[in-house]
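Note sheet for the following structure.
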Amino acid sequence: MDDLFTQATVYANDYVRQWREGGGRVVGYNCVFAPLELFEAAGLLPYRIRALSNAQTDLADAHLSRFNCGFCRSCLQLGLNGAYAFLDGLIEINGCDHLRGAFENWQYVKPTPFFHYLKVPHIVIDDALDYFADQLVQLKAKLEIHFAVTIADDALRAATARQARVRELLRRAYALRERERPGLTGAQTMALVLLGSTMPAEQFIALLEKELAARENESLPAPRARLLIGGAATDEVELLRELESLGALFVTDSLCYGARAFWSLTAPADGDPLRALAKLYLSNTLCPRMFEDYPSRSAFILAAAERARIDGAVFVHNKFCDVHGIENVLLRKHLEEQGIPVLLLEKEYGAHADRGRLKTRLQAFLERIGRP
């Protein structure tokens, strides 16, 4: 897994470089509502923007105040300092106001050749589905014009099948992680998910098949405690490694850079492929921006907790992240009513000095739940 960790924790990894060297173009996105199948059908590499624990935000702070989420400011910093110079375009999505601010300031100060604002409704009703389907039609047209491509329905269906296979294999990876004797750590699983959002689907399918076959009969030592980790945009692989160094394992998750990015997305029904994609993403994506859909998210977490036989749950959010800060309070109340101990952690994104405090809090939590 060492090479996977390396590739997952750099911005322009070997897969991105090979794609670019072969003449391929890359479009960056951040939100889980981005229709990956549409970009892939256009012959583009969809690349999920990440900050990877970057704590330096001096350039970003000149455009986005420090009362905004540190993750969003870190993403803006990387856009402004040239870390993402390999991108041919950006897709902005109204996931949250802080993220919108990051993308809009990025485009204002250091514009990419292609930029599109994809508006995603906050409710799931027929009118909202019609609106989102029209948004995808507009995005398709913009991609075709700018990149001089034709996005055929057959190409969309083929891309949809590949993404369905990716998600199927990721669920198998989570099954390995959830076993009585886990085959993957939480940090290793996050590295896989991160890496997959930076490489062509066909290559990721081959990599997952190889890794799963190699680990099918491997088992880690029984952990000190089996935990679920959930919450905000957390792409900090090293943070998870340090927390797991206490002997507990995150045997499942409800993270934005984890299960929430793929778990409930299955192959859409036949018919118009764009409308099918609109329904797939709008109706099944688990994100607290869809506030009225809290019952689906809590049911997903309780199902994961039962599958993974957890001893407790840890919910994290970055300072000033209102969306997840509110959601985590609701989840703590709900899970504790079900007899599941919960630890809430507010953190400074990417702050290495904060890791000692977080480890101390987790250590105390393990002692509280009887896992000293």
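Points worth noting:
- Tensor-based shape of region 301-372 (alpha-carbon gyration tensor, a/c under 1.5 rounded, otherwise prolate or oblate): oblate
- Judged by the ratio a/c of the largest to the smallest principal axis of the C-alpha gyration tensor, region 1-53 counts as oblate, that ratio being 1.5 or greater while a/b is no larger than b/c.
- Modelled this way, with points 7 Å down the Cα-to-C-beta line, the labels at E209 and A353 are 4.9 nm from one another.
- Stretch gain in nm, segment D272-E180, where the contour uses 0.36 nm per residue and the Cα spacing is subtracted: 28.9 nm
- Between region 120-147 and region 195-251, the alpha-carbon center distance in angstrom: 33
- Gyration tensor (alpha-carbon) shape descriptor, region 8-154, a/c threshold 1.5: oblate
- Matching the structure-derived mean projected area of the Cα convex hull in nm² against the labelled list (i) 29.4; (ii) 17.2; (iii) 19.4 gives the label (ii).
Just so you know, all these numbers are worked out from the coordinates, no wet-lab data involved. Owing to the predicted nature of the structure, the values given are computational and were not obtained by experimental measurement. Here Cβ is always computed from backbone atoms with ideal geometry, including for glycine, and neighbour counts include all displayed protein chains.
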